[in-house]
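The values are calculated or read from the model by the stated rules, or taken from the named source; none is laboratory data. Note that the structure is a prediction, hence the values are computed from the model and not measured. Neighbour counts run over all protein chains shown; Cβ positions are idealised from the backbone, glycine included.
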Amino acid sequence: MFACNMRIVCLVEVVHLNSELQGISGPKRKAVRSTVSIVQKNREAMLMLCTARNKSGNLYKIARNIQRVFGKMVANGMTTLRLKEPMIDLRISNAARSELERLLKAIKLASQGESLLGHGVLSTCEPVKGKVVKKAQTKMEVRSKADYPLTLGFPSSLQQLTCLSSLDVDSNQITTLPPSLCSRNSRLCSTLKSLTLSNNKISYLPADMDHLLELVSLRVNGNRLRMLPQGIGHLRHLKYLLARENSILFLPFSVKKLSLLEIDVAQNEFASIERAATVDRLLSVPTLQDLAGSVLLSERIRLDETNSTKQCQNMMLLARNCAVCAKAVFRSYLRILVEFDLRRISETVIYCDRGWGCNAPFDVFVCSKTCFNLFRL
Ligand SMILES: [Zn+2]
């Protein structure tokens, strides 16, 4: 028997190419929730497609029968398999990327006539269970560990969140956030209003968090943050910024632009008044790397694994904006530490009161002596 049972749950649209080519209206086309797996029958690897209506499924030969694999959209959970016999396209969508990649690798091997035994991709020919291919789930509530669907995994229908407005992952063991959370093309950028990440083990928030343009409430209490993203002040709808019990030393200068109902930054490690109001670093001639970084940011070119090294991507995370002219600076800047009265930006202020009132230390970066002279708090 086979130890593994890789069955991909996804949407599949079966397109009959014959009728398409001849302009005849073929069977009604519709993407149906299905499972796709590879099974071994009569010593030959076959593609098995099951749906709620056809639980025993259809079998398709793989060897010498796959005319083409359209694989450009695999990263988005989509692919199309063009078969010779029958002449159909299987248009797969809403699949988990990693599973889809494994499936395509296995299909490649099998179509070259190689055995798939021992590759951990073969499934049994058992009919699919109805609950696996039932109508796409649109809601899931996880209030305790027992609610999480451990055996079936997170429903794939919920992986492409199109209108999520509130995400609450309070009290988990999260250490980092996926970069896709607030990347420019993330759908969350235009839908997410409330983000609660409190009581985790997060040490930094994504630098591009300011892309979450609709965010009204950001709760990051009880983490390991040493700073907040430089651009947090660009979140123009933000009303609640709750970041108590972290290790924050300074607030980014952009916070000055916010107009909040409540800010809670109590129990952090803010630098003391004596250290504030000093210039921390001297300007040096920017390196070519710094200048290149500045151009990339002004041109809004994003670095990722497809176009740069990890080192370059890490460098871009160091970018700060000049408080006067907004130019990106990296290692050559003047840093001014100033105090700022949080009551100027928030109706309610909860701040560690060690006799400093509501004055929190801000760190301000300027790109040049000219901007330094122009800087006003
Ligand atoms: Zn400047």
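Tell me, please, whether a residue that is in contact with a helix residue (DSSP H, G or I) (Cβ under 7 Å, 6 or more places away or on another chain) and at pLDDT below 80 can be found in region 306-318. Yes, region 306-318 contains a residue that is in contact with a helix residue (DSSP H, G or I) (Cβ under 7 Å, 6 or more places away or on another chain) and at pLDDT below 80. Consider region 347-377 and keep the residues that are buried (at least 20 other Cβ atoms within 10 Å of the Cβ) and aliphatic (A, V, I, L, M). The one that is nearest to the ligand (Cβ to nearest atom) is VAL366. Scanning region 144-159 finds one or more residues that are in contact with an Asp or Glu (Cβ under 8 Å, 6 or more places away or on another chain), exposed (fewer than 13 other Cβ atoms within 10 Å of the Cβ), modelled with pLDDT under 85 and assigned to a helix (DSSP H, G or I).
Condition first: within 16 Å of the ligand (Cβ to nearest atom), touching a residue at least 60 places away in the same chain (Cβ under 8 Å) and in a loop (DSSP other than H, G, I, E, B). Can you find one or more residues in region 310-320 that meet it? The answer is yes; a qualifying residue exists.
Does GLY293 meet the test of being assigned to a loop (DSSP other than H, G, I, E, B) and either closer than 19 Å to PRO179 by Cβ or away from the ligand (no atom under 16 Å from the Cβ) (or both)? No: the conditions fail for GLY293.
Within region 329-346, being within 15 Å of SER294 (Cβ to Cβ) and more than 10 Å from the ligand (Cβ to nearest atom) holds for PHE330, ARG331, SER332. Report yes if some residue within region 110-119 is surrounded by 15 or more Cβ atoms within 10 Å (Cβ to Cβ) and touching a Ser or Thr at 6+ places or on another chain (Cβ under 9 Å); otherwise report no. Looking for residues that are surrounded by 15 or more Cβ atoms within 10 Å (Cβ to Cβ) and touching a Ser or Thr at 6+ places or on another chain (Cβ under 9 Å), one finds none in region 110-119, hence no. Note on region 40-57: residues that are assigned to a loop (DSSP other than H, G, I, E, B), farther than 16 Å from GLN112 by Cβ and more than 32 Å from the chain's Cα centre (by Cα) total 6.
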